[in-house]
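Reading through the structure tokens given below for one structure.
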Amino acid sequence: MTMTTGSGYPPRGHRSVPHTGDLRVEAWAPTREECIAEAVRGMVGSFAELPADASHVTRECVVAAEDDSRLLVAVLEEVVYRMDTADELPVDVAVTPEPDGVRVRFAMADSSAATQTGAVPKAVALHGLRLAQDAHRWACRVTLDV
């Protein structure tokens, strides 16, 4: 049995929601950093399936932004950038706090290991963007241009 928060959702997770011409990803978790990581997983899961045993390399970066919502955008844009420039997709991601942002550690696999299941995001939209804490957890929603 999965434990749920007062909202009826499991303690952490994500889902894709159809949005006019685009894709919306919603994610939730106990901390801001875990919520951002779930959003990355939701974004990648919206268009690709990667084998759990895919060989991967670790890529790490520090991302900063003026507020939490922009921080979410900056991390997701880092994924889009790495997909475009290195043909890599995150098999997994870990996000930890830094003084002015977050440290993101990606386990990146070659995109040729993935099975494409949907449209690949090209950009992150600012419309409807949200990353905030409520009474039970951190939650976010972001629209991806596909």
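Since every read-out is calculated from the coordinates, none of them should be taken as a lab result. Every value quoted in this text rests on a predicted model; they were computed, and no experiment measured them. In this analysis, Cβ positions are derived from the backbone assuming ideal geometry, glycine residues included, and neighbour counts consider all displayed protein chains.
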From the phi of every residue in the stretch 29-34, what ³J(HN,Hα) in whole Hz does the Karplus formula 6.51 cos²θ - 1.76 cosθ + 1.60 yield, where θ is phi - 60° and glycine or proline is x? 5, x, 10, 4, 5, 5
Size of the stretch 86-141 as Cα extents on the principal axes (Å, biggest first): 40, 26, 21
Given a cut-off of under 8 Å on Cα pairs at least six residues apart, what relative contact order in percent is computed for the chain? 31
Assuming R0 = 22 Å, what is the FRET efficiency of H136 and R15, from their Cβ-Cβ distance, to the nearest 0.05? 0.85
Of all GluC sites (Glu not before Pro) in the stretch 60-146, the ones in DSSP coil with at most 14 other Cβ atoms within 10 Å are E66
Quick query: amide H of G118 versus all other amide H atoms, modeled in the peptide plane; which residues come in under 5 Å with a sequence gap of 5 or more or a different chain? none
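G128: net charge of surrounding residues, Cβ under 9 Å, Lys/Arg +1, Asp/Glu -1, itself excluded?
With Lys, Arg at +1 and Asp, Glu at -1, the net is +3.
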So how tilted is helix 68-86 from the main axis of the chain? Cα-based, degrees 0 to 90, rounded to 10. 10
Please identify which residues in the stretch 76-96 have an amide N closer than 15 Å to a label point set 7 Å out from the Cα of L129, following the Cα→Cβ vector. 76-81
